[in-house]
Each structure stands twice: as structure tokens, then as C-alpha cells.
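What follows is one structure encoded as C-alpha cells, with my remarks underneath.
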Amino acid sequence: MEGMKRKAAVNGRVLHVYLPPSYSGSGRSYPVVYLHDGGEAAFDGINYLEYLFHEGRLPELIFVGIEPRNRLDEYTPWPSSPLVPGKPEFGGAGDRYLEEVALRIKPFIDRECRTLPDREHTGLAGCSLGGLISLRAYYRYSDIFGKIALISASLWYEGVPDYVRREPIPKEETRLFLSVGALEGRYNRNVQRDMADRTRLVHSALLERGVPGDRLKLEIAAEGTHDPMFFARKFTDALQWLFAGEADGYAR
């Protein structure tokens, strides 16, 4: 039996809502993972995810893919100049976007779907710039999102290392997964060529700031590249680590 995918909207924001295979035939509630970029990282690998559900290797999950309006504005935490002259600037409107996700979209999903609404069962995930804004969410909304995945996150973004070094870590115990491919940005001539090194740097800074090692995971894939195929694969790895040992806690 396959899950169901539906379309919804909150204040004009398009959402793609995936309900897992057992949803229609059960009365139980489910953990939720919210994803940027319309949820592509989940939906590109949904057949394999449903296999993991069926085998009991991952609890059945609701996925909510949130469509962006302007990625360069919504997925950046503060303004910055473009990497390439003549391209649009990064708008830095990410805080407004995250407020919408946390305080409007999540309450809507909790009303409309059978969710487990507490932070321990609520995840947030993003790739590339979506990973960058997920890092910001870790600092601003750890009281809402207890599991966060940064897949090939744009940690090259101006000011990120200094931000992580100075920002107090949240008091809530959040599980945080980072991944990057060793080949990402290799042929770029700008700061993106340092993606893997920047991810290592942020990982080290988080540990130095006091994030417990058992709640922080870094994976560097030797042949990983910056593309949807790699994003989908690492997103699956992220879910298995973030929800490790929880599949048996949900009736199937």
C-alpha cells in the first residue's frame, strides 16, 4: 500500500503533504518532517522510504513540502552580496519565512492531520540554501523542531562560521544531522569550493559551543556531489539517524 500526496495552501503558500501508507486505515497519529523546496528530497526517494517504513526500519512519517516564493530571500538568514556579479543579491528574509513555517504552517498541519505535535516528533530538513535556513531554525525554533537535517547546506554563506562560534546553543536537546559531499564545489572558483571544509568547521564549532556529540552527526560522502540524487540519498540517511530506534514505538 502506498502513501497519499495532497496539495494544500496556507495564506497562499503551497504545501505538498504526504500521508504514509497506514494513515487512512488507522486512527493513530504520526511524526512530521517539514521540508523546504517543496519536499523534493523526500519525494525523489519516496519508494525507498516506504520500503523502510514497511520493514520497520523507520517510523511512518508525514512529510510537508513547503514551496518557496523566493529562495534567495527566504532561505538566507541575513543579506549578502551575490556570488557572481550581476546576479540577484541574497535578501536575508529567512526569519520571516521561519516564523511562517513555525507559527502558521505547523499549526495548520497539526489541525488538519493526525500528528504527534511535540518537538520530539517534529523534524525540519533542507538541502543547499534550505540547509542554511534550517541551521537558523536550529537556533530560533528548537522548542518546536527537535530533529533537524542540513543536507549539503550552504555553510559557505558569508558570516556563518562566526555566527555559529558566537551564538549560544539552544537549551533544548535537538538532534542535528549534517552531511556534505567531498566533491561539492570542487570546480567552482568562489567560496563554494570550500563547502566540505566549511561544513567540517561548523561541525567543530558546534561541538566547541557544547552541542553533545551524541546529538550531532556529520557525514562526508567521498563521491558526493551537489545534486538531487545525492540530496535524496542523504536525506534518507538523515531520517534513519534522527529517528534511530523509534520505529518500534509506532504500531504498523
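The values are calculated or read from the model by the stated rules, or taken from the named source; none is laboratory data. Quantities reported herein were computed from a predicted structural model and do not represent experimental measurements. We place every Cβ from the backbone using ideal geometry, glycine too, and count neighbours over all the protein chains shown.
At-a-glance table
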quantity: Of residues in the range 55-67 being of a type outside the set (A, V, I, L, M) and without any contact (Cβ under 8 Å) to a residue 60 or more places away in the chain, the one surrounded by the fewest Cβ atoms within 10 Å (Cβ to Cβ); calculated: Glu55
quantity: Residue within the range 99-111 that is at pLDDT 95 or above, more than 22 Å from Gln192 (Cα to Cα), in contact with a helix residue (DSSP H, G or I) (Cβ under 8 Å, 6 or more places away or on another chain) and not acidic (Asp, Glu) present; calculated: yes
quantity: Selection status of Tyr51, within 20 Å of Ile109 (Cβ to Cβ) and either surrounded by 13 or more Cβ atoms within 10 Å (Cβ to Cβ) or among the hydroxyl-bearing types (Ser, Thr, Tyr) (or both); calculated: no
quantity: Enumeration of residues in the range 18-48 that are hydrophobic (A, V, I, L, M, F, W, C), buried (at least 19 other Cβ atoms within 10 Å of the Cβ) and either outside any helix (DSSP H, G or I) or touching a His at 6+ places or on another chain (Cβ under 7 Å) (or both); calculated: Val32, Val33, Leu35
quantity: Yes/no for Gly86 being at pLDDT below 95 and of a type in the set (Gly, Ala, Ser); calculated: yes
quantity: Test: Ile169 is crowded, with 20+ Cβ neighbours inside 10 Å and among the hydrophobic types (A, V, I, L, M, F, W, C); calculated: no
quantity: Among the candidates Leu72, Leu52, Leu83, residue that is among the hydrophobic types (A, V, I, L, M, F, W, C), touching a residue at least 12 places away in the same chain (Cβ under 8 Å) and farther than 25 Å from Leu129 by Cα; calculated: Leu52
quantity: Any hit, the range 111-124, residues being under 24 Å from Ala221 (Cβ atoms) and out of contact with any Pro (no Cβ under 6 Å at 6 or more places or on another chain); calculated: yes
quantity: Residue ID - surrounded by the fewest Cβ atoms within 10 Å (Cβ to Cβ), chosen from residues in the range 184-228 that are touching a residue at least 60 places away in the same chain (Cβ under 8 Å) and under 19 Å from the mean Cα position of the chain (by Cα); calculated: Pro228
